[in-house]
Structures are given as structure tokens and as C-alpha cells.
Amino acid sequence: MASLTVSVAELAVLQAAAGLDELPVALQVPLGSDDAAAREVLLERGLLTERGPSTSVLPLLRVLADPEASVSARASMMGARPVMRRGVVARRGGQIVGAARSDDAVRLGPIEGSVAGFLRDIVGPAPRGRELSARDAVVRHDALALAVDGARDANAVIIGLRQAGVAADDAFQFGQVLHHAERVVEVTAPGRAPVAVIDAQHGRVLVLPLEERDGAHQRVTVCAGSDHRLQRALEQAWRPNARSSHRIADRGGVRA
């Protein structure tokens with residue numbers, strides 16, 4: 001199977017022609033589309049026939065529509081014109097298919113190499129020359145959300161992190177990134193808490209879920225976004241049965 005790029009409207013026509021109920025929600029493909037212009041383009045390209053999607057397209061769609069395992073990444077860019085960047089990896093049997101959406105274009109194709117590498121393309125590069133020196137901090141997810149959501153400035157975030165048990169120097173570095181975030185990517189897999197990647201001019205922060213819970217509370221590791229740490233997190237997101245080891249710090253840890 002070869003890779004191909006189609007518009008969102010064209011993908012919706014292919015989905016309807018294949019008789020598939022839905023494609024992964026992360027791709028945000030409208031249901032029941034019958035765009036005449038999109039259909040004409042697909043017919044001209046040989047991706048659609050009078051009998052339905054071509055044999056080069058249909059297997060890709062079937063894996064995406066009914067996977068045995070999947071993981072998705074959704075990027076949100078802050079600014080005057082938000083840019084949609086999303087991706088999905090799906091596996092059925094021995095077939096692994098990736099779909100990456102950038103605004104109105106969706107690229108579909110088999111993944112023969114690293115799934116984590118495909119996801120890293122969705123996440124994008126870290127801010128150049130900006131790696132934090134902060135130590136890992138393990139906190140309750142609700143305490144982190146309370147510190148960040150609705151904070152009026154970076155100082156408020158830093159104070160919230162300190163109240164959650166994060167050391168002062170580390171809270172300062174994390175707070176600058178969390179408050180001034182320019183790009184946020186959420187990586188999710190069924191049955192697992194999401195991995196968050198937050199980028200700002202000050203650097204990259206990762207928020208990684210722990211399997212061990214504090215009673216009814218989800219705990220997360222907040223850490224500097226090193227390439228090694230991101231790679232490991234993405235590999236674990238694709239292995240739903242792997243136990244999380246995010247509490248193992250690169251440079252020592254702080255437990256709240």
C-alpha cells in the first residue's frame with residue numbers, strides 16, 4: 001500500500017463510499033458527505049470507482065475505521081490563526097496505518113518504521129536551544145490543573161505549583177512554559193491517561209501519566225521535554241499493556 005494525500009472533503013466521500021460508520025474522531029471528518037467536486041477529483045485520480053474506493057485506499061480506511069489498537073495526537077497552536085495538526089495510528093492484524101491531518105489535507109499510508117517517529121512528526125520539534133534544567137515533579141493531576149487553569153499570570157501558576165509541592169526553582173521553570181504556552185499537543189490511547197507536550201519560548205514541558213493512583217486521584221510527572229523522554233513516552237503510548245515508568249527521572253525526582 002502506498003501513501004496518498006486527500007482533502008478532508010475527499011476523505012469524507014471515500015468513507016461514505018466504503019460504507020464505514022466513522023473514521024477516528026481526532027481527524028474530524030464530517031459524516032455523510034457527498035461533495036460533488038471532491039467526488040470528481042477522486043474519480044480522476046483513480047482513488048474512487050463506481051463500485052467504491054480503489055483497492056489502494058480501501059484497506060487503509062478499514063484499518064482506521066476498526067482498529068485493534070490506536071493512538072492519536074492533537075496539536076493546538078495558539079495565535080491569531082489556529083492551525084489544526086492531528087494524527088492517528090491504527091493497527092489491525094499485521095497492518096499499521098498512519099493518518100496525519102494538517103489543516104484541510106490528510107495524508108494516509110502504511111507505517112513500516114517507528115510509530116513513535118510518526119507521532120513525533122505530529123508533535124513537532126522542541127523550541128530550539130531551550131531545554132529546561134528543572135527536576136521531575138510528581139503531582140496530582142487535579143492540583144496541576146488548578147495551578148494552570150485560569151491563572152492570571154505566570155506568577156500565579158508558579159504559586160499553584162509550589163502549593164502542589166513542586167520545588168521553587170523547578171516551579172519557576174515549569175510555570176513560565178505552562179503559562180506562556182504557544183503549542184500544546186495531547187497524545188491519547190484508549191484506556192490510558194493522555195500525554196501532554198507543552199511548548200513555549202522558554203522551552204518544552206511534558207506531563208506524563210503514572211499508573212499508580214493516589215486513591216481516586218490521577219498522578220502525573222511534570223518534567224523537562226528532552227528528546228529521550230518524549231520518545232519513551234510515545235513508545236509507551238503505543239504499547240497499552242506496558243507499565244508506565246515515567247516516575248523514573250532523568251535528573252532526579254521530586255514527589256508531592
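Things worth noting here:
- Applying a DSSP loop filter and a limit of 10 other Cβ atoms within 10 Å to the GluC sites (Glu not before Pro) in region 16-76 leaves Glu50, Glu68.
- The C-alpha atoms of region 4-112 occupy a region whose extents along the principal axes are 42, 34, 23 Å, arranged from largest to smallest.
- Among the trypsin sites (Lys or Arg not before Pro) in region 101-165, those placed in a DSSP loop whose Cβ has at most 13 other Cβ atoms within 10 Å are Arg128, Arg152.
- Dimensions of region 136-255 based on its C-alpha atoms, expressed as ranges along the principal axes with the largest first, amount to 39, 32, 27 Å.
- Electrostatic dipole magnitude of region 54-142 [Cβ: Lys, Arg +1; Asp, Glu -1; Cα centre; debye, to 20]: 200
- Put simply, the amide H of Gln28, placed in the peptide plane, has no neighbours under 5 Å, leaving out anything fewer than 5 places away on its chain.
- Sequence-separation-based contact order of region 4-112, relative, with Cα cut under 8 Å and 6+ spacing, percent: 27
- 3J(HN,Hα) couplings calculated from phi for region 58-71 with the Karplus curve 6.51 cos²θ - 1.76 cosθ + 1.60 (θ = phi - 60°) are, in sequence order, 4, x, 5, 5, 5, 5, 5, 7, 9, x, 8, 8, 7, 8 Hz; Gly and Pro show x.
- With the convex hull of its Cα atoms as the shape, the chain has an orientation-averaged projected area of 14.9 nm².
- Rounded to the nearest 20 debye, the dipole size of the chain about its Cα centre is 720 debye, using +1 on the Cβ of Lys and Arg and -1 on the Cβ of Asp and Glu.
- Note on region 136-255: with charges restricted to the Cβ of Lys and Arg (+1) and Asp and Glu (-1), its dipole about the Cα centre is near 300 debye.
Just so you know, all these numbers are worked out from the coordinates, no wet-lab data involved. Since we're looking at a predicted model, the values are computed, not measured. Quick reminder, even Gly has a Cβ in these numbers, built from the backbone with ideal geometry, and neighbours come from all protein chains shown.
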